[in-house]
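The values are calculated or read from the model by the stated rules, or taken from the named source; none is laboratory data. Bear in mind that the values here come from a model prediction, so they are computed numbers and not experimental data. Glycine gets a Cβ as well: all are built from the backbone with ideal geometry, and neighbour counts include every protein chain shown.
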Amino acid sequence: MTKHKYIYLITTLLVLLLASACGNPAKNAASDTAATASPETVEGNAGEAPVTDTPAVESDEQILIVIDQTEKPIEGNSFDFFVKQRPEGFALAEMQWVSKENLIINSVQEAIEHGGNGEDGFYISGDGQFSGFFYPDAMKGEVGQVVFLFKNEQGKELTWKKEITLK
């Protein structure tokens with residue numbers, strides 16, 4: 001890889017890291033109450049307002065991810081995801097699609113590459129503003145789990161899982 005590409009990738013990762021840290025509420029009684037609310041997942045049709053889901057996490061830490069399956073005026077099949085809240089000190093490390101038919105695992109680095117080249121799998125745009133999962137027509141209707149793995153500097157891992165049907 002050229003020096004220019006490494007600089008671009010490092011810059012992208014830093015922007016993604018900074019963007020994911022923005023908007024985290026301060027720790028106080030009011031925010032603790034709001035963080036424990038149980039939102040729901042977006043699996044609706046175009047025009048519906050996105051809603052979120054917070055399934056069980058293998059930790060006391062709060063992770064909030066929005067899965068948006070509303071139809072988009074683009075060619076191909078995809079859903080978007082947004083990491084709204086992540087545990088302090090943790091960063092997104094890996095994204096997975098797990099079903100009876102397919103196992104797709106992408107690191108953040110691979111997702112950034114897919115964001116640039118449009119390959120199937122998880123993607124993160126160059127500026128970190130957009131993230132999602134591209135899949136072929138053959139996967140439409142497939143039921144599986146979206147899994148997000150977060151890691152901290154000490155190697156501790158937290159996961160977030162949600163079962164969805166690809167539309």
*Take region 68-111 and flag every residue that is without any contact (Cβ under 8 Å) to a residue 40 or more places away in the chain, closer than 14 Å to Phe150 by Cα and among the aliphatic types (A, V, I, L, M).*
Ile105
*Could you grab me the full set of residues in region 157-167 that are assigned to a loop (DSSP other than H, G, I, E, B) and modelled with pLDDT of 95 or more?*
Leu166
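Could you tell me whether Gly126 is in contact with a Lys or Arg (Cβ under 8 Å, 6 or more places away or on another chain), surrounded by 15 or more Cβ atoms within 10 Å (Cβ to Cβ) and either of a type outside the set (A, V, I, L, M, F, W, C) or within 13 Å of Met95 (Cβ to Cβ) (or both)?
no
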*So which residues in region 61-83 are more than 15 Å from Lys162 (Cα to Cα) and of a type outside the set (A, V, I, L, M, F, W, C), if there are any at all?*
Glu61, Thr70, Glu71, Lys72, Pro73, Glu75, Gly76, Asn77, Ser78
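Taking Thr33 as the residue in question, decide whether it is modelled with pLDDT under 90, of a type in the set (Ser, Thr, Tyr), touching a strand residue (DSSP E or B) at 6+ places or on another chain (Cβ under 9 Å) and on the phi < 0 side of the Ramachandran plot. Step through it out loud before you land on a result.
Working: modelled with pLDDT under 90: yes; of a type in the set (Ser, Thr, Tyr): yes; touching a strand residue (DSSP E or B) at 6+ places or on another chain (Cβ under 9 Å): no; on the phi < 0 side of the Ramachandran plot: yes.
Criteria not met by Thr33.
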*asked:* What's the total number of residues in region 68-95 that are charged (D, E, K, R) and at pLDDT 90 or above?
replied: 6
*Would you check which residues across region 144-156 are in a strand (DSSP E or B) and either at pLDDT below 95 or out of contact with any Lys or Arg (no Cβ under 7 Å at 6 or more places or on another chain) (or both) and list them?*
Gly144, Phe148, Leu149, Lys151, Asn152
*Of the residues that sit in region 129-156 and are among the β-branched types (Val, Ile, Thr) and surrounded by 13 or more Cβ atoms within 10 Å (Cβ to Cβ), which one is farthest from Thr70 (Cα to Cα)?*
Val147
